[in-house]
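Beneath this line is the structure, given in structure tokens, with notes to follow.
The values are calculated or read from the model by the stated rules, or taken from the named source; none is laboratory data. This is a predicted model, so every value here is computed, not measured. Every residue, glycine as well, gets a Cβ built from its backbone with ideal geometry; the counts of neighbours run over all protein chains shown. Only protein heavy atoms, including side chains, enter the accessible area calculation; ligands, DNA and RNA are left aside. Shrake-Rupley method; radii C 1.70, N 1.55, O 1.52, S 1.80 Å.
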Amino acid sequence: MKSDLEKLIQAMKQIRLPDDEKQRIRGNLLVFMKNSQTQPQPAQAVSKTQTGFASFLAVFKNTMRAPATIAIVLVLGFGGALSAAAQGTLPGDTLYPIKTGFNEQIRAALAFSPNAKAAVHALLAQKRLEEAEKLASQSRLDASVRSELEKNFTEHADHVSQGITRLKESGDEDGAAEVSSNFEAALQAHETILSELNAKVKEQGERGREDSHELEGILNNVQARFRSATAAREKSETDLGGSSQTDVKAAAEGKMTAAQNKISTVKGFFEQFKSKLNAASQAAVEARITDATDVFAQGQAKLSAGEYGAAFILFQRAQRLAQNTKLLITASIDLQFELKDSSEGREGSDSQKPPGSQEDSQNHDAAHPELNDDHATSSTSTPTTTLDIEHRSGEELKLKIGE
Amino acid sequence: MTNQEAFLKSYDEHADAIYRYCFFRVFDQDRAQDMVQETYLRTWEYLSRGNEIRNPKAFLYRIARNLIIDQSRKKHEISLDELTDQGFDPGVDNTERVDDILDARPIASHIQQLEPLYREAVTLRYINELKPQEIAEILDESENVISVRVNRGINMLRKILNA
């Protein structure tokens, strides 16, 4: 009669790679290895008395030396010098094809779980936007390049949507909400970045106006995606309400941890790079971080009160705020534009505003009735309007673009 | 046997064990699979840079272990690569699930109650069936420390089961 311990250990030993997955990985390894060698390697007889890697290693060291092949080997990401060099490139740079044609495709192919797959596509969609932004800030964004970037962005964004749908179909409401929330945060950040950038380049003469034209094209695309991402996320949040209470509680607790991590990440990030931001941008970031912390606290209150669905939504919102802020800090430094403090208007068409903030936004609206609080729908008005916004403390922060 | 064949042979032999090791750290099938693949990819890359590997099995476990540690750290640390010249990483973060373990399996719930240090030792010893000496090499500890850890871990596990 086996002891419980023995039974447990037996059960654990049963865990293994499913055959099809084992084969799939094996196939990937083969592809990877094949791409590591541009010259066919002669078959080498290996002594049967040696074991493990030692045997083929002795052989290996003799054959895998040609400098040209090493260069190609290093292309395959994971720290390779060439691949790393390709990472920051833009359309027009020599190594750009390696970045998109190779590094990214391998990365996408290697993601297994639906969550990871969707996340990779979300990342790549964002990379296209970043490239467009960088090019525009360098006056290199012309029509054909923009068209390519936008096409690629759209492909990846479509994959994200499909990924979200698949997650929901498989019953992973939690995962679907997460992916769409993250993507939404990123899209919102880029919407802000593209508008700011657009305003900046417009003032740079003829060339600037061309860049601006291209930027506006992308901006419209991003705004549309943002709206549908918001809608998808809100639907996921509603659908989550249909799950069992224990499931929602678990999801809320998980989201609390995630939001907490994101907030402390952005705080640390801010501390680290604070000196690279001007005073106004710093203030704007601090206000946003305070926002995220406040929403988080509201979520905790809901959690204690047993309102798990509401708690989940609030935590997810706090996470988005934090993520959004982080992206904006990065862009502000990299593309050199100042961040503005837009108070409650930040979350856009968020119909889930917690009761606490209603007062603030009402006062805000009363003070500035002409100011459209709804960030997402401001696309119909020109996105380049310079907004004078009253800071919470009463000072006026004029929007200044770049240096 | 060519280089590739030998490498693939080691995959055929050890992939399951590496998978088991990873699974009982992250408790997620998909992620454990990702890690197995990543472990072997990095090993191949390491070899292709002309390096030597004295003990292939230990090497594989070590790479897998480092991957796990890296991923669980990512949640808490700011990546310093974020703002380098190599471009942004918008930080789409799907690693939050490492500790978010809601596996319904009864085995998982028992083994999870064990502290990570002991869990690892017990897993390597009884699930991966490695000798204390092998474990010592992977974890860079003395054999003694490992034996003690394994025994304590097993005793704790017994208590958990009988609770």
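Within the range B:117-163, can you find the residues that are among the polar types (S, T, N, Q) and in a loop (DSSP other than H, G, I, E, B)?
We begin by selecting, within the range B:117-163, every residue among the polar types (S, T, N, Q); these are B:123, B:128, B:133, B:142, B:144, B:147, B:151, B:155, B:162.
Once the filter is applied, which keeps residues that are among the polar types (S, T, N, Q) and in a loop (DSSP other than H, G, I, E, B), the range B:117-163 yields B:Asn128, B:Ser142.
For the range A:146-175, which residues satisfy the criterion of being in contact with a helix residue (DSSP H, G or I) (Cβ under 8 Å, 6 or more places away or on another chain) and basic (Lys, Arg)?
Answer for the range A:146-175, where residues must be in contact with a helix residue (DSSP H, G or I) (Cβ under 8 Å, 6 or more places away or on another chain) and basic (Lys, Arg): A:Arg146, A:Arg166, A:Lys168.
I'd like to check something: does the range A:201-220 contain any residue that is open to solvent by less than 10 Å² (accessible area, probe 1.4 Å) and under 30 Å from A:Ala252 (Cβ atoms)? Steps first, please.
Taking the range A:201-220 first, the residues open to solvent by less than 10 Å² (accessible area, probe 1.4 Å) are A:201, A:208, A:211-212, A:215, A:218-219.
Of the ones still in play, those that are also under 30 Å from A:Ala252 (Cβ atoms) are none.
So far as the range A:201-220 goes, no, none of its residues is open to solvent by less than 10 Å² (accessible area, probe 1.4 Å) and under 30 Å from A:Ala252 (Cβ atoms).
Applying the selection to the range A:253-288, what residues are more than 14 Å from every other protein chain (Cβ to nearest Cβ) and part of a helix (DSSP H, G or I)?
So in the range A:253-288, the residues more than 14 Å from every other protein chain (Cβ to nearest Cβ) come out as A:278-288.
A:Ala279, A:Ala280, A:Ser281, A:Gln282, A:Ala283, A:Ala284, A:Val285, A:Glu286, A:Ala287, A:Arg288, listed by residue number.
Across the range A:296-346, what is the total count of residues that are in a helix (DSSP H, G or I), farther than 19 Å from A:Gln260 by Cα and away from every other protein chain (no Cβ under 14 Å)?
So the answer is 4.
Looking at the range B:93-121 only, could you name the residues that are of a type in the set (A, V, I, L, M), open to solvent by less than 30 Å² (accessible area, probe 1.4 Å) and modelled with pLDDT under 90?
B:Val98, B:Ile107, B:Ala108, B:Ile111, B:Leu114
Only one of (1) open to solvent by 10 Å² or more (accessible area, probe 1.4 Å); (2) farther than 30 Å from A:Gly242 by Cβ fails for A:Leu124. Which number is that?
The failed condition is (1).
Taking the criterion of being open to solvent by 20 Å² or more (accessible area, probe 1.4 Å) and modelled with pLDDT of 90 or more, would at least one residue in the range A:225-246 satisfy it?
Checked against the condition, which is being open to solvent by 20 Å² or more (accessible area, probe 1.4 Å) and modelled with pLDDT of 90 or more, the range A:225-246 yields at least one hit.
Among what's in the range A:1-23 and is out of contact with any Asp or Glu (no Cβ under 6 Å at 6 or more places or on another chain) and assigned to a loop (DSSP other than H, G, I, E, B), pick the residue that is farthest from the other protein chains (Cβ to nearest Cβ). Write out each step before concluding.
Of the residues in the range A:1-23, the ones out of contact with any Asp or Glu (no Cβ under 6 Å at 6 or more places or on another chain) are A:1-15, A:18-23.
Okay, now just the ones that are also assigned to a loop (DSSP other than H, G, I, E, B), so A:1-3, A:14-15, A:18.
Working: A:Met1: 14, A:Lys2: 12, A:Ser3: 8, A:Gln14: 9, A:Ile15: 5, A:Pro18: 8 Å.
Residue satisfying both the conditions and the ranking: A:Met1.
Take A:Ala297 and tell me if it is on the phi < 0 side of the Ramachandran plot, open to solvent by 40 Å² or more (accessible area, probe 1.4 Å) and of a type in the set (A, V, I, L, M, F, W, C). Before the answer, list the steps.
On the way: on the phi < 0 side of the Ramachandran plot: yes; open to solvent by 40 Å² or more (accessible area, probe 1.4 Å): yes; of a type in the set (A, V, I, L, M, F, W, C): yes.
Answer is yes for this residue.
Among the residues of the range A:238-252, count how many are of a type outside the set (D, E, K, R) and assigned to a helix (DSSP H, G or I). Steps first, answer last, please.
Initially, the range A:238-252 is screened for residues of a type outside the set (D, E, K, R), giving A:238, A:240-246, A:248, A:250-252.
Narrowing further to those that are assigned to a helix (DSSP H, G or I): A:238, A:240, A:245-246, A:248, A:250-252.
Counting residues in the range A:238-252 that are of a type outside the set (D, E, K, R) and assigned to a helix (DSSP H, G or I) gives 8.
Of everything in the range A:169-194, what is of a type in the set (Ser, Thr, Tyr) and part of a helix (DSSP H, G or I)? Give them in sequence order. Spell out the reasoning first.
Step one: of the range A:169-194, the residues of a type in the set (Ser, Thr, Tyr) are A:170, A:180-181, A:192.
Result: A:Ser180, A:Ser181, A:Thr192.
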